[in-house]
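Participant: First the structure, which I've put down as structure tokens, then a few questions once you've had a look.
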């Protein structure tokens with residue numbers, strides 16, 4: 001297939017480790033120059049994730065693409081706007097935005113719908129929904145001016161089927177549910193302007209972080225594995241494969257969709 005994204009520029013948020021890193025490297029292999037955005041550009045060190053270079057931007061450069069690392073807190077709108085402006089200043093364009101930043105880090109033992117405290121709801125909305133919202137709204141003007149673009153947001157299986165988490169992680173699921181609905185609304189608005197907006201909704205993906213926290217958070221265990229029809233957990237490459245579909249011409253007639261990457265755990269319409 002060659003380099004279908006040659007000459008394009010992508011921003012990937014939360015790209016210093018895990019899924020975001022996999023997305024950034026896949027985009028580079030497809031030919032794109034990649035802006036690696038994260039609240040901590042050294043985040044891979046926290047869970048011992050091994051990089052092939054000193055940093056993810058260095059890994060991108062080793063693939064023959066240009067890269068820029070931007071350390072930023074995207075919960076703050078001005079920092080999302082600055083991220084887009086730095087991208088335009090460095091590369092002159094923005095074609096692809098992957099809103100991967102986020103996560104479920106509030107305590108599981110108080111995460112059911114009847115227990116979730118306000119501080120957990122606020123934290124999950126800030127890091128999962130508002131960071132995505134800020135980046136989308138900052139990126140759209142540049143894409144409009146260029147005559148098109150692609151936005152890929154990241155949801156979660158928990159937002160599609162509460163039984164997948166046994167009714168826990170409510171604030172996280174609600175925040176990602178907002179991401180999913182915003183994806184649809186934005187896709188409808190921007191479709192006439194050649195800007196496509198879709199969402200990847202991962203199940204249990206065995207990143208280094210998930211491996212490290214699996215026991216404490218009750219995920220990635222044998223009981224959960226038995227609920228996966230494909231009888232294996234996902235890998236970052238499984239999600240990167242779907243991203244490749246969504247950012248290349250293979251999906252040129254696809255917008256406003258949520259693709260569940262979960263080994264068959266979610267089998268109802270999203």
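The values are calculated or read from the model by the stated rules, or taken from the named source; none is laboratory data. Not measured: the values here are computed from a predicted model. A quick note on method: Cβ atoms are made from the backbone with ideal geometry, for glycine too, and the neighbour counts reach across all protein chains shown.
Participant: Do the conditions hold for residue 70, that is, is it surrounded by 24 or more Cβ atoms within 10 Å (Cβ to Cβ), touching a helix residue (DSSP H, G or I) at 6+ places or on another chain (Cβ under 8 Å) and under 25 Å from residue 150 (Cβ atoms)?
Facilitator: Taking the combined requirement at face value, the residue does not satisfy it.
Participant: Filter region 214-242 down to the residues that are free of Cβ contacts under 8 Å to residues at least 24 places away in the same chain and buried (at least 16 other Cβ atoms within 10 Å of the Cβ) and list them by number.
Facilitator: Correct list: 214, 219, 220, 224.
Participant: So residue 86 ticks every box in (1) surrounded by 18 or more Cβ atoms within 10 Å (Cβ to Cβ); (2) over 18 Å from the mean Cα position of the chain (by Cα) but one. Which box is left unticked?
Facilitator: Condition not satisfied by residue 86: (1).
Participant: Another question about this same structure. Sort out which residues of region 228-250 are modelled with pLDDT under 95 and in contact with a helix residue (DSSP H, G or I) (Cβ under 8 Å, 6 or more places away or on another chain), and write them in order of number.
Facilitator: 231, 232, 233 - these are the residues of region 228-250 that are modelled with pLDDT under 95 and in contact with a helix residue (DSSP H, G or I) (Cβ under 8 Å, 6 or more places away or on another chain).
Participant: While we're on this one: Return yes when residue 97 is within 26 Å of residue 145 (Cα to Cα), surrounded by 16 or more Cβ atoms within 10 Å (Cβ to Cβ) and touching a helix residue (DSSP H, G or I) at 6+ places or on another chain (Cβ under 6 Å) and no when it is not.
Facilitator: yes
Participant: So which residues in region 164-185 are under 17 Å from residue 151 (Cα atoms) and buried (at least 23 other Cβ atoms within 10 Å of the Cβ), if there are any at all?
Facilitator: 176, 179, 183
Participant: Could you say which residue among 7, 48 is touching a helix residue (DSSP H, G or I) at 6+ places or on another chain (Cβ under 7 Å), surrounded by fewer than 23 Cβ atoms within 10 Å (Cβ to Cβ) and on the phi > 0 side of the Ramachandran plot?
Facilitator: 48
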